[in-house]
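First up is the structure itself, then whatever we jot down about it.
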Amino acid sequence: MVKMVKCISIVIAFALPLFAQANSKSAFATVPKQALVELKATVGKPFSSGLVFVDGKFLDPPYKVERYGTALRINGIQVTNEIVPWTEFLKTQPGARVEKIETPQSADAPAADTAPAAEEPEVEESYDSSDDIDDLFDDDPKPKKKAKKPAVKRPVKATPPPPTTTIVFDGEFKPNDKTKQMVARINKARTRVETTLRNGGCYFFSARSMPISVDRLPAEMLLSSLPDVMKSNTTFEQFSSAARSKGLTFISDKVMRDLFRNRLDYIRLQARAKAVKEGGKWGTTL
């Protein structure tokens, strides 16, 4: 068996930090509407080769890889965050300005007058709180215990979250050499993904980690082993151990957990493996 390490190709570093906002089709950060209007899209022709997983879910071919404004989509599903943030495009426009935005305080966070109080240390008193009079005349009096004052709570002032900055541009967006170079960079990422898949490669896209790209041999091995691993192992520990014993060591733990959550996809993966075997090749452009 060919060592898997030689077959692994770590994908483009275009997975940017995640944001809380997400669209209805994926957990990736939403592309600004203005970016979609101004930059439009670059859409490739559909093809049937390769394998695509998005957050652990198998995406059926044929595949159509698209530059969707500042991000990438496959079959209409967003698979990356912004490769080049739209704010970088706005910075190239005359009249663009930086504005500070006060970060709203979370509803769960305590307000300034309701912040958790700090407790002062308990203070021991020098008097005895015992009410047993007989102890006063005992030949062998019991050791006296000192009472403690209850802790005093002091209010703590809540610290507001620091403001964030954003780029504001009110004029008409005009492409220039810098914006064209940034679009070319995103298109290059799109072409790289499409080329890998057309050659029978495999992509794992995840909103929680960097995407992983492998060439044809691991993709073929996936179809010969992953469906059975998904079908036969009902706990994550069993699933992960079985997958790695099959040589799928290039899959990160986060992606492995996503795959385990979508175990029932083994049915469609088996159908895909059958189609590839009967066709004798990965497929052709439709």
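The values are calculated or read from the model by the stated rules, or taken from the named source; none is laboratory data. Just so you know, these numbers come straight off a predicted model, no measurement behind them. Don't worry about glycine lacking a Cβ; one is built from the backbone with ideal geometry, like all the others, and counts go over all protein chains shown.
Would you confirm, using the coordinates I've provided, whether Gln34 is crowded, with 17+ Cβ neighbours inside 10 Å, assigned by TED's automatic domain parsing to the domain that holds Leu223 and over 12 Å from Leu197 (Cβ atoms)? So Gln34 does not fit the description; no. As a summary of the residue check, Leu248 satisfies the conditions (1) modelled with pLDDT under 95; (2) part of a helix (DSSP H, G or I) except for the one numbered (2). Counting only residues that are surrounded by 13 or more Cβ atoms within 10 Å (Cβ to Cβ), more than 11 Å from Gly56 (Cβ to Cβ) and among the acidic types (Asp, Glu), the stretch 227-264 holds 1 of them. Hey, any hits in the stretch 166-180 for a residue that's touching a Ser or Thr at 6+ places or on another chain (Cβ under 7 Å), under 27 Å from Thr87 (Cα atoms), of a type in the set (A, V, I, L, M, F, W, C) and outside any helix (DSSP H, G or I)? Looking for residues that are touching a Ser or Thr at 6+ places or on another chain (Cβ under 7 Å), under 27 Å from Thr87 (Cα atoms), of a type in the set (A, V, I, L, M, F, W, C) and outside any helix (DSSP H, G or I), one finds at least one in the stretch 166-180, hence yes. Taking the condition at pLDDT below 95 and under 34 Å from the mean Cα position of the chain (by Cα), does Thr159 pass? Against the criterion (at pLDDT below 95 and under 34 Å from the mean Cα position of the chain (by Cα)), Thr159 qualifies.
Screening the stretch 169-191 for residues that are of a type in the set (D, E, K, R) and surrounded by fewer than 17 Cβ atoms within 10 Å (Cβ to Cβ) and picking the one that is farthest from Tyr63 (Cα to Cα) gives Asp170.
Go through the stretch 257-269 residue by residue and tally those that are within 12 Å of Asp55 (Cβ to Cβ) and either basic (Lys, Arg) or without any contact (Cβ under 8 Å) to a residue 40 or more places away in the chain (or both). Number satisfying all stated conditions: 2. Using the structure shown, decide if Gln181 is without any contact (Cβ under 8 Å) to a residue 24 or more places away in the chain and either within 20 Å of the chain's Cα centre (by Cα) or in the same structural domain as Val43 (by TED's automatic domain parsing) (or both). Here the answer is yes, as Gln181 does meet what is asked.
Within the stretch 201-208, is even one residue surrounded by fewer than 19 Cβ atoms within 10 Å (Cβ to Cβ), closer than 29 Å to Pro46 by Cβ, of a type in the set (A, V, I, L, M, F, W, C) and in contact (Cβ under 8 Å) with a residue 12 or more places away in the chain? Looking through the stretch 201-208, none of the residues is surrounded by fewer than 19 Cβ atoms within 10 Å (Cβ to Cβ), closer than 29 Å to Pro46 by Cβ, of a type in the set (A, V, I, L, M, F, W, C) and in contact (Cβ under 8 Å) with a residue 12 or more places away in the chain.
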